[in-house]
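Here the structure comes first, spelled out in structure tokens, and everything after it is commentary.
The values are calculated or read from the model by the stated rules, or taken from the named source; none is laboratory data. Note that the coordinates shown come from a computational prediction; the quantities given were computed from them, not determined experimentally. Cβ atoms come from the backbone with ideal geometry, glycine included; neighbour counts cover every protein chain shown.
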Amino acid sequence: MVRVEDDQVVPAFEPRITDLEALKVFTHPLRIRLYRVLFTSGEATASHLADQVDEAVSLVSYHLRKLAAHGFIVEAPGHDGDGRERWWKLSSEHGFNFRNSDFDDRPEGVAVLSQVTRQLLATRGERYERYLNEQESWPKEWTEAAFSSEFMPRLTAAELQEMAEDIGALMRRWSRRGNDAVAAGDTEGREHVSVQMYGFPHRG
């Protein structure tokens, strides 16, 4: 859903954030949670989302307006008959991405990048921990298919960039396969799957 990139060339798939004010939207953890819930649910009202994130409807509505102001979510069509609440959906079903190189040339950009990246890391960790806590409630076929891996190859910076492009292409292929199947009505046995990836240098 969300990719943080260095300066590699990536085929167009998710909209790219290049405006610092837009990136600042995701410095708040609740906005990240709301975005993720909308990504999973497709469409929802503030009341529905408030139940999902266990927050007050008024607070959720405020943060939804912030997301909408920068074009991350839009009103969902087809709900004209329900005037009580707005229905929201993501403006892009593919999520979004941003590149460090668009923001790291100024101190404020570096600070916002760090804050957003750490918020994303925290919410990803929470999601995986939630799965571990609920693992016993999932059917055996899912717990056997789920995986957690770590590899530590010795690479150059250029090779790491090439690997990121390869993995990105692979994930886009699987995402399209799942989306095409759902669009064709093949929804039996399908769940949202979280695949989290990081690639970074370390010395110990």
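Taking the range 81-112 as the search range and keeping residues that are among the aromatic types (Phe, Trp, Tyr) and touching an Asp or Glu at 6+ places or on another chain (Cβ under 8 Å), which one is nearest to residue 178 (Cα to Cα)?
Step one: list which residues in the range 81-112 are among the aromatic types (Phe, Trp, Tyr), which gives 87-88, 96, 98, 103.
Next, from what is left, pick out any that are touching an Asp or Glu at 6+ places or on another chain (Cβ under 8 Å): 87-88, 96, 98.
Details: 87: 25, 88: 23, 96: 18, 98: 24 Å.
Ranking the candidates gives 96 first.
Which members of the range 86-138 meet the condition of being acidic (Asp, Glu), assigned to a helix (DSSP H, G or I) and farther than 24 Å from residue 40 by Cβ?
First, pick out the residues of the range 86-138 that are acidic (Asp, Glu): 93, 102, 104-105, 108, 126, 129, 134, 136.
Among the residues that remain, those that are also assigned to a helix (DSSP H, G or I) are: 102, 108, 126, 129, 134, 136.
Listed by number, the residues that qualify are 102, 108.
Restricted to the range 61-91, and to residues that are out of contact with any Ser or Thr (no Cβ under 8 Å at 6 or more places or on another chain) and within 22 Å of residue 127 (Cα to Cα), which residue is surrounded by the fewest Cβ atoms within 10 Å (Cβ to Cβ)?
89
Could you check how many residues of the range 12-50 are touching a strand residue (DSSP E or B) at 6+ places or on another chain (Cβ under 9 Å), surrounded by fewer than 17 Cβ atoms within 10 Å (Cβ to Cβ) and either modelled with pLDDT of 95 or more or of a type in the set (D, E, K, R) (or both)?
Going through the range 12-50 one residue at a time, the tally reaches 2.
Check whether at least one residue in the range 76-84 is within 25 Å of residue 45 (Cα to Cα), in contact (Cβ under 8 Å) with a residue 60 or more places away in the chain and assigned to a loop (DSSP other than H, G, I, E, B), and report yes or no.
There is no residue in the range 76-84 that is within 25 Å of residue 45 (Cα to Cα), in contact (Cβ under 8 Å) with a residue 60 or more places away in the chain and assigned to a loop (DSSP other than H, G, I, E, B).
Consider residue 71 against the criteria (1) within 17 Å of the chain's Cα centre (by Cα); (2) in a helix (DSSP H, G or I); (3) at pLDDT below 95: it satisfies all of them except one. Which criterion is unmet?
Here residue 71 clears every test but (2).
Step by step: first the residues of the range 92-150, then only those that are at pLDDT below 90 and under 16 Å from the mean Cα position of the chain (by Cα), then the one that is surrounded by the fewest Cβ atoms within 10 Å (Cβ to Cβ). Which residue is that?
93
Pull out all pairs, ordered by first then second residue, where Cβ-Cβ is under 7 Å, the residues are six or more apart or on different chains, the first lies in the range 131-155 and is closer than 23 Å to residue 198 by Cα, and the second is outside any helix (DSSP H, G or I) and of a type in the set (A, V, I, L, M).
Nothing qualifies.
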